[in-house]
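Encoded as structure tokens, the structure appears first; notes follow it.
Just so you know, all these numbers are worked out from the coordinates, no wet-lab data involved. If you're wondering where the values come from, they're calculated on a predicted model, not measured in any experiment. In this analysis, Cβ positions are derived from the backbone assuming ideal geometry, glycine residues included, and neighbour counts consider all displayed protein chains.
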Amino acid sequence: MGVKVYGIPHSTATLRVLAAVHEKELEYELVPVDLRSGAHKQEPFISINPFEQIPAFEDGDLTLFESRAITKYIAYTNEGKGTSLISKQGKEMADLAVWMEVEAHQFDPVSTKLAWELVYKVFFGMEIDNAIVEENEAKLAKVLDVYEVRLAMSKYLAGDSFTLADLHHLPGLQYLNGTKVKHLFDERPHVSAWCKDILARPAWEKVMALQKQARND
Amino acid sequence: MGIKVYGSDYPITPNVMRVLAAVYEKELEFDYVPLDMKSGAHKQMPYLSLNPFGQVPALEDGDIKLFESRAITRYIANEYENKGTQLLTKDTKKMALVEVWVEVEALHFDPVAIKLGWELVYKKIFDMEPDMAVVEENKAKLAKVLDVFEARLTQLKYLAGEAFSLADLNHLPIVHYLMNSQVKQLFEERPNVSAWCKDILSRPSWIKVVTLHEKLKG
């Protein structure tokens, strides 16, 4: 029996989990959650995630929530399969821990605000708040300056191998790449090379194909 | 060469306290290096080579350098697996639950609780006026988060199971700050949350953190 991912392929957090299942080449079922009808705020979903958010995850009788907890579980329980996404000792483990936190606390808050304004609002024909865009563009530039220095030292954020630290960025990068803030990535040669590299991974391309198909359904 | 923890002078920020809790739980020898943050030492070299985002804490362990408090506590829990308190578990399913509640602290509890800590504790220390609109908004949000915790802690002694783990440890600093503020009643009026708070705040390692903190007050 495979694993179940509860969510939708447009949500960045769901996409983060889908990237991990594909990197690990796992059998899985994507169980859609009808957000519009409030399914995430009711049983049976809230028994799986009392914080009423997607994604959630099921492996036999184990249920999990929080995308970055799910990706870690997927990575640690499938070490022999697919891509290795983790390091377990010493300096590499330390660097992995650091750059996973950087994604969650430095990159994601800014990336989420920009994606809300420049992707979501545009899609739904809502008015963009330019003050928020400007403020977060400036913040993103500063964050990417740090990334530029880091990625001059190693091919990926936590070392010379692709890990969860890089994978966690994929949904945010994909969305921002289609907006006007793309230039912030393009202007920084190491960041640009890293983005191109990870967005071109076969596992991610499969996730994008799934998303496209969901749009057409 | 031993461990160095870089942090603030008095009052020690919650993120720094998180790391101190971990080093004490693991019974590690370390030097505490308070930075002169008033003069911006954390935003300049040489500190920026430890944390390019110019924030505290940072940690040096031999030639390993780390920043982000939750990366540091995770590193300490892994690297010193065989010392002091077990903060992780080899059981993959139990460890998955630790990971979930580590995320809950970072993404549900902390964003709300730290705003309340800032308004009600930090500002008080610096004689600044709290923004009561922010306080009311975040009190309501914290109440909702603590309702989830209350349900969780009805079934289990700690957030991720029957044993104290990294998930509980990461909560210590802000629980401590808020239990010394006007929002402590949010914790006290939920019996399981209240019992959990009392339990974790009475851990010898946490008492050592508070002792160090008071010493810095001078």
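Testing the spin-label approximation: label points 7 Å from Cα along Cα→Cβ at A:A141 and A:Y120. State their distance in nm.
Between A:A141 and A:Y120, the label points sit 2.5 nm apart.
Any idea which of A:Y175, A:A141, A:G159 is furthest toward the positive side of the dipole for region A:117-217, if Lys and Arg beta-carbons carry +1 and Asp and Glu beta-carbons -1?
Farthest towards the positive end: A:G159.
What's the local net charge at B:F53, with K and R +1, D and E -1, over the other residues with C-beta under 12 Å away?
Cβ neighbours under 12 Å give a net charge of +1.
May I ask you to compute the full-extension gain from A:D61 to A:D160, defined as 0.36 nm times their residue separation minus their alpha-carbon distance, rounded to one decimal in nm?
Contour length minus Cα-Cα distance gives 32.1 nm.
Could you check the spin-label model distance between A:S47 and B:K90? Points 7 Å from the Cα along Cα→Cβ, value in nm.
Placing both labels 7 Å beyond Cα along the Cβ direction yields 3.3 nm.
How high is the FRET efficiency between A:N130 and A:L35 when r is their beta carbon distance and R₀ equals 35 Å, given to the nearest 0.05?
Computed FRET efficiency for A:N130 and A:L35 comes out at 0.80.
Counting only C-alpha contacts under 8 Å and six or more residues apart, can you give the relative contact order of chain A as a whole percent?
22
Relative to 2.2 N^0.38 Å, what does the C-alpha radius of gyration of chain B come to as a ratio? Two decimals please.
1.00
Give me the base-10 log of I(q)/I(0) for region B:92-204 at each q in 0.11, 0.12, 0.16, 0.17 Å⁻¹, Debye formula, one uniform scatterer per Cα, rounded to two decimals.
Evaluating at q = 0.11, 0.12, 0.16, 0.17 Å⁻¹ gives log10 I(q)/I(0) of -0.34, -0.40, -0.70, -0.78.
Size of the dipole of region A:90-203 about the Cα centre, Lys and Arg at +1 and Asp and Glu at -1 on the beta carbon, nothing else charged, in debye to 20?
240
Treating only the Cβ of Lys, Arg, Asp and Glu as charged (+1, +1, -1, -1), what charge dipole size does region B:107-191 show about its Cα centre? Round to the nearest 20 debye.
Roughly 140 debye for region B:107-191.
For B:T211 and B:E129, calculate 0.36 nm times their separation in residues minus their Cα-Cα distance, and state this gained length in nm to one decimal.
26.8 nm
Using +1 at the C-beta of Lys and Arg and -1 at the C-beta of Asp and Glu, which of B:V19, B:L146, B:T73 has the Cα lying farthest in the positive direction of the dipole of chain B?
Most positive-ward Cα: B:L146.
Can you divide the C-alpha Rg of chain A by 2.2 N^0.38 Å and report the result to two decimal places?
Cα-based Rg divided by the globular estimate yields 1.02.
Filter the cross-link list A:K182/A:K206; A:K196/B:K65; B:K4/B:K26; A:K81/B:K90 down to pairs whose alpha-carbon distance in this structure exceeds 24 Å.
A:K196/B:K65
With the radius of gyration and the Kirkwood radius both derived from the Cα set of the protein assembly as shown, what is their ratio Rg to Rh?
Ratio of gyration radius to Kirkwood radius for the protein assembly as shown: 0.94.
Assign unit charges at the C-beta atoms only (+1 for Lys and Arg, -1 for Asp and Glu), then state the dipole size of region A:1-129 relative to its Cα centre in Debye, rounded to the nearest 20.
With only Lys, Arg, Asp and Glu charged at Cβ, the dipole is about 100 debye.
Give me the percent of DSSP beta bridges within region A:3-84 that run antiparallel, rounded to the nearest 5.
The antiparallel fraction comes to roughly 65 percent.
Any idea how far the Cα center of region A:145-217 sits from the one of region B:175-218, in Å?
Taking the Cα centre of each part, region A:145-217 and region B:175-218 sit 41 Å apart.
With a Förster radius of 35 Å, plug the Cβ-Cβ distance of B:Q44 and B:N180 into 1/(1 + (r/R0)^6) and report the FRET value to the nearest 0.05.
Computed FRET efficiency for B:Q44 and B:N180 comes out at 0.60.
Between region A:1-64 and region B:5-59, how far is it from one alpha carbon centroid to the other, in angstrom?
Spelled out, the Cα-based centre of one part sits 37 Å from the other.
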